[in-house]
Amino acid sequence: MGNPIKATWPISNCLTPLEKGCVHIWSFHTSKPSREVESLSTLLHPNEINRAMRMRSLEVREQAIVGRAVLRIFLAGYLGCDPKEVAFEHTGMGKPVLANRKGLFFNLSHSHGLGLIALSSCAEVGVDIEKIRHIENSLFLAERFFSPWESQTLSRQNTGEMQSVFFQAWTRKEAFLKANGHGLGFGLDRVEVSLGRNETPRIRFVDGCPKEAERWTLLHLEPGMGFMGAAAFQGPGNIRSLTWHWDGKENPRMK
Ligand SMILES: CC(C)(COP(=O)(O)OP(=O)(O)OC[C@H]1O[C@@H](n2cnc3c(N)ncnc32)[C@H](O)[C@@H]1OP(=O)(O)O)[C@@H](O)C(=O)NCCC(=O)NCCS
């Protein structure tokens, strides 16, 4: 199921109810001054802080803290509770879900200072964002991890397009793997996605099966200059994509 909608990212601080069939996608910055990171960290559960503290660099630690805090702020806004009261549990594959499964599905991704949160009221959703950057051995990686059709399509791109098409493939596949909750352990080559600037975003095959692929909607997202993103969910969806600028004072509120 393709989706030709081109996402735009107007700035907003207003949540609107997630009606049946709606998917909301919020982008936000994860690079914050230390005092803001500290203030956001007070929203987290001690386990979330401990997990972040084990991460390799200050940048990645702060990104994890801000990502989780913003996720809590948004979920609380949609659920009508305090961000600290949002309770997570994790599926066997590590996907965070709401402990009480209140009919609110979400997924989070962050990369190099930018984050995305996708929310849906009726179906699992997956989202991925990557900063487009030079990867030395992208064709080798594609041959190793992508399907033969995808790596051949990538090898036909001109040098200028190669990196963005590589990350288009990566984010589309990962969005699907995050929606079905398996993560990378599922195998990147088991899902084949459309590629190229003018191609409608869609899942082509799952385990070689076009029928399973047709059940999914895939969105192409460009949430910021130099970033590539994708979201995946089952069935059609009415999409809203917005940017949240946190001023340190006011959390997003329901209109
Ligand atoms: C989930 C996964 C795809 C994340 O990839 P990433 O590009 O490094 O990170 P992103 O920023 O896009 O996403 C991270 C967020 O995804 C969410 N997430 C974690 N596991 C997830 C899963 N199995 N499915 C969906 N979402 C998941 C979390 O919210 C996480 O952020 P948080 O921990 O701060 O809350 C990857 O770590 C993974 O596959 N993990 C599962 C374990 C696994 O299969 N390992 C085998 C490696 S070969």
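Each reported figure results from applying straightforward, stated rules to the coordinates on display, with no laboratory input. Everything numeric here is computed off the predicted structure, so don't read it as measured data. We place every Cβ from the backbone using ideal geometry, glycine too, and count neighbours over all the protein chains shown.
Here are the numbers for this structure:
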{"quantity": "Matching residues in the stretch 62-79 - criterion: being within 26 Å of ASN180 (Cα to Cα) and within 12 Å of the ligand (Cβ to nearest atom)", "calculated": "GLN63, ALA64, ILE65, VAL66, GLY67, ARG68, ALA69, VAL70, LEU71, ARG72, LEU75"}
{"quantity": "Helices (runs of 4 or more DSSP H) enclosed by the stretch 30-85 - at least 2 residues per element that are within 16 Å of PHE106 (Cα to Cα)", "calculated": "58-79"}
{"quantity": "Output for the stretch 82-99, where each listed residue is among the basic types (Lys, Arg) and surrounded by fewer than 16 Cβ atoms within 10 Å (Cβ to Cβ)", "calculated": "LYS84"}
{"quantity": "Every residue from the stretch 97-152 that is assigned to a loop (DSSP other than H, G, I, E, B), without any contact (Cβ under 8 Å) to a residue 24 or more places away in the chain and under 22 Å from TRP216 (Cα atoms)", "calculated": "ARG101, GLY103"}
{"quantity": "ALA232 vs. criteria under 27 Å from THR8 (Cα atoms), in contact with an Asp or Glu (Cβ under 8 Å, 6 or more places away or on another chain) and not in a loop (DSSP other than H, G, I, E, B)", "calculated": "no"}
{"quantity": "Residue list for the stretch 80-110, filter: more than 25 Å from LYS32 (Cβ to Cβ), under 16 Å from the mean Cα position of the chain (by Cα) and within 12 Å of the ligand (Cβ to nearest atom)", "calculated": "GLY94, LYS95, VAL97, PHE105"}
